[in-house]
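Student: One structure is given below, represented as structure tokens, and several questions about it will come after.
The values are calculated or read from the model by the stated rules, or taken from the named source; none is laboratory data. Bear in mind that the values here come from a model prediction, so they are computed numbers and not experimental data. Note that each Cβ is placed from the backbone with ideal geometry, even for glycine, and that neighbours are counted across all protein chains shown. What goes into the accessible areas is simple: the full protein's heavy atoms, side chains included, and nothing from ligands, DNA or RNA. Shrake-Rupley method; radii C 1.70, N 1.55, O 1.52, S 1.80 Å.
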Amino acid sequence: MNEQAGLRVRVKGIVQGVGFRPFVYRLAQRLSLRGWVRNSDEGVDIEVDGDKAALQELLHALRWEAPALASIDRVEVADRSPNGFTTFEIKPSLSEASGFQPVSPDLSICPDCLRELFDPNDRHYRYPFVNCTNCGPRFTIIRDLPYDRPQTTMAEFSMCPACAAEYGDPANRRYHAQPVSCPECGPRIWLAWGQRIIEDREESISLTRQLVAEGEIVAIKGLGGFHLACDASNPNAVAILRHRKDRPHKPLALMMPDIETVRRHCELNQAELAELESPARPIVLLRRKSGSTIAEEVAPGHTHLGVMLPYTPLHYLLLERAGGIPEAWVMTSGNRSEEPILTGNDEAREQLGHIASAFLLHDRPIQERMDDSVVRVEGPDHRSPLRRARGFAPTPIHLEWSMQPTLATGAELKNTFGLGMERYAFVSQHIGDLSNFETLAAYEKAIAHYEHLFRIKPAAIAYDLHPDYLSTRYALARAAKEGLPSIAVQHHHAHIASCMAEHGLPAEARVIGFAFDGTGYGTDGAIWGGEVLVASYTGFQRAYHLNYVPMPGGDLAVKQPWRMALAWLNKLEIAGAEFNLKIAPKEFSAAWQQLASGLNAPSTSSIGRLFDAVAALVGLRSEVSYEGQAAIELENHVDPSEDGAYAFTVAEGTFSALPVIAAVLADVRAGLPVGLIAARFHNGLADLVLDLAQAIRQRDGLESVALSGGVWQNLTLLAAARARLEGAGFHVYSHEQVPANDGGLALGQLAIAHHTREG
């Protein structure tokens, strides 16, 4: 008889809700091992007896044969004497007050469930909530850990005998799939249309499809909240949606039924295809084809469309191919302008009643609200997240160090917060702009849920240096109340540290950091945004920055780019020239006086505001209705065949855009096309990045460059800068896990807080 031994194993990572226990059970059967496996608050625990060689094979298989949706961080193993087990079983979960572990994000429907959805012989036929261990809701339904049905919003749905049999069979792919259900026992859908309630499932789906085809707007409850849907090829329907939602220009997301449809409307490369079809199913920005029938009103002034594939069974049923049914639907967040996405049936009907004419509802409660994620793809292999939410959050970022429990409260715009513990950084889903009570309340609720779910009680709080951010006020008030140390983190330092942390740069790393964005509070009280930093996790030197220029009207200049154009004209001493900015004389006069007096004209070094000025000077955009609109439209006009460049001038510690603006003015006066001017501006900025990086390398010997801040969402600029830098031998880091914009800031705050305290 072979020598017998025993092992105690703990597997940590995303190992609950992904079929890990039945996987271990099948392994044990195959290897003739005895013992048990169970979920705990810290992962999956295994106690096992058997032949020594078989035990080693088990440990190897845990890592190399694990379910596709599992993400193993580490396997902790302890030898022990055999316990005398005679069978192998799956034991009930164990809850430990101090334990914590990652949680799987929500995932799109898998091929097996999709096949069953349209199989007339399957009991899940046309059931809008079919799911299994390999797909479906996760984070949006979890109330507590371990991840068991009583700890989810499915607790109120008692399983029928058929579902219970699948749920209890380790050989079945629905074994302990917590949302498992069927038409006999699970959630149901219905349509509320005026005073009518259509409870029949097929009729409610059919009528929803008909209403959209007829140009109506329907609110649809999904995984993490509501969508507002309409026919994307109907200009009038899209215009009505925009008017009612008070969203005049910002692009609207689209859902298309399949890749064939996507290819009819958009250019699509292999990397973009992979993102579209991934289990996360994000919105992917794709270049629009000239022959597309998608209404121009969906993305006015844009060359790209934000497209996603269906990711729930309900979506597949709604977008099922049929004559007269639109092949592309607008699927934009179900909320009032600038407020959080809505999750409850009653609140949706109350708050969206002036927008939608009908509501497709269901009765599975949503525990945690979750917007759709948005990504762009740079080149063949660089994902650039613009919004990190469904499909990605709350998957942790793995750190190169172990940290004490820390909360990072993020920024004001595109807020996310972060919780750090051991080697994990849990960066929240997109919360939104903390500009109103509703979003602040959602922010505070989400923080409480994360802390409870992941068993993290912060021992310190990191926050942005800006004194007026609501996230800063929350941090300082909570730190004072709980007696916690608070760490102020400069905005652009956090941007660079975020990029460093997501790429696993070690504690001693130093980089050349280009932190280009719209707004960030500087250590001198000015508004920064064109910063070249020599940075580590513990500090930074401001090596270069864009020369300061005033912002006439303060925050009003963000919404009215003509003000920034006027500031640069003033710098060039083009006295009183309106330069075809189409400004009302009274507003022009007031802004000019602000520039002369300095009153309500704070200084800024922002590259984002420089983009605004150029966009206004070439006649693209004098006013904006959403952040970054002018810069996005300027990028959209770039002529890729133009290789000319406007030259910045560099002095000790600063660089100036005055010659760039002068060149833009000259080309505008000469009647040159906007596309050529936009290209020269982008090329000049990319040349500047290389010149400054080389100057710092010559001085400090640094070879690594980190690119962070909202300006780096501009993939035209990012690709141009990367090509130049890599061509000169630099190692370039850009964002691939968290957004370059303020949605990634919390990760940098966590990294800086840890190293500041440790140092």
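Student: Cβ contacts < 8 Å: first residue closer than 14 Å to Leu533 by Cα and among the β-branched types (Val, Ile, Thr), restricted to region 682-695; second residue open to solvent by less than 20 Å² (accessible area, probe 1.4 Å) and assigned to a helix (DSSP H, G or I), any location; separation 6+ or different chain. Result?
Tutor: Final answer for the pair search is Val689/Ala721; Val689/Leu725.
Student: Now a separate question. Which residues, counting only those in region 59-112, are assigned to a strand (DSSP E or B) and over 26 Å from Arg390 (Cα atoms)?
Tutor: If the condition is that a residue be assigned to a strand (DSSP E or B) and over 26 Å from Arg390 (Cα atoms), then Val75, Glu76, Val77, Ala78, Asp79, Arg80, Phe88, Glu89, Ile90, Leu94 are the ones that fit.
Student: Given the criterion of a type outside the set (Asp, Glu) and part of a strand (DSSP E or B), identify the matching residue among Thr523, Thr519, Thr538.
Tutor: Exactly one residue qualifies, and that residue is Thr519.
Student: Please determine whether any residue of region 657-670 is closer than 27 Å to Ala494 by Cβ and either part of a loop (DSSP other than H, G, I, E, B) or at pLDDT 95 or above (or both).
Tutor: For region 657-670, residues closer than 27 Å to Ala494 by Cβ and either part of a loop (DSSP other than H, G, I, E, B) or at pLDDT 95 or above (or both): present.
Student: Select, from Ala177, Ala164, Ala192, the only residue that is small (Gly, Ala, Ser) and either buried (at least 22 other Cβ atoms within 10 Å of the Cβ) or within 26 Å of Ala295 (Cβ to Cβ) (or both).
Tutor: Ala177
Student: Just name the residue that is modelled with the highest pLDDT out of those in region 3-23 that are closer than 22 Å to Arg173 by Cα and part of a strand (DSSP E or B).
Tutor: Taking the candidates together, the pick is Val11.
Student: Taking the condition of being surrounded by fewer than 20 Cβ atoms within 10 Å (Cβ to Cβ), at positive phi and at pLDDT 90 or above, how many residues in region 84-139 meet it?
Tutor: Qualifying residue count for the region: 1.
Student: Further, regarding this structure: Residues in region 582-600: is at least one part of a loop (DSSP other than H, G, I, E, B) and touching a residue at least 60 places away in the same chain (Cβ under 8 Å)?
Tutor: No - not one qualifying residue is present in region 582-600.
Student: Here is a follow-up. Give me a count of the residues in region 199-213 that are over 34 Å from the mean Cα position of the chain (by Cα) and β-branched (Val, Ile, Thr).
Tutor: Within region 199-213, residues that are over 34 Å from the mean Cα position of the chain (by Cα) and β-branched (Val, Ile, Thr) number 0.
Student: Sticking with this structure for a sec: Please pick out the residue among Pro385, Pro380, Pro365 that is modelled with pLDDT of 95 or more, surrounded by fewer than 21 Cβ atoms within 10 Å (Cβ to Cβ) and out of contact with any Lys or Arg (no Cβ under 6 Å at 6 or more places or on another chain).
Tutor: Within the list Pro385, Pro380, Pro365, the selection yields Pro365.
Student: Another question, then. With out of contact with any His (no Cβ under 9 Å at 6 or more places or on another chain) and either among the basic types (Lys, Arg) or on the phi < 0 side of the Ramachandran plot (or both) as the only criterion, which of Ala501, Ala507, Ala535 stands out?
Tutor: Residue meeting the stated conditions: Ala501.
Student: Residues to consider are Ala721, Ala706; find the one that is open to solvent by less than 20 Å² (accessible area, probe 1.4 Å), in a strand (DSSP E or B) and either of a type in the set (S, T, N, Q) or farther than 13 Å from Val638 by Cβ (or both).
Tutor: On inspection, the qualifying residue turns out to be Ala706.
Student: Let me ask something else. Return the residues of region 609-630 that are under 24 Å from the mean Cα position of the chain (by Cα) and either within 15 Å of Val660 (Cβ to Cβ) or outside any helix (DSSP H, G or I) (or both); say none if nothing qualifies.
Tutor: Arg609, Phe611, Val624, Ser625, Tyr626, Glu627, Gly628
Student: Hey, another quick one. Working only within region 455-502, note down all residues that are within 11 Å of Ala751 (Cβ to Cβ) and either of a type in the set (S, T, N, Q) or open to solvent by 50 Å² or more (accessible area, probe 1.4 Å) (or both).
Tutor: Residue satisfying the conditions is Ser498 alone.
Student: Look through region 528-543, keep the residues that are in contact (Cβ under 8 Å) with a residue 60 or more places away in the chain and touching a Gly at 6+ places or on another chain (Cβ under 6 Å), and return whichever of them is most open to solvent (accessible area, probe 1.4 Å).
Tutor: Residue satisfying both the conditions and the ranking: Thr538.
Student: Which of the strands (runs of 3 or more DSSP E) found entirely inside region 352-471 contain at least 2 residues meeting this: aromatic (Phe, Trp, Tyr)?
Tutor: 418-427
Student: Go through region 395-420 and count every residue that is surrounded by fewer than 24 Cβ atoms within 10 Å (Cβ to Cβ), touching a residue at least 60 places away in the same chain (Cβ under 8 Å) and at negative phi.
Tutor: 10
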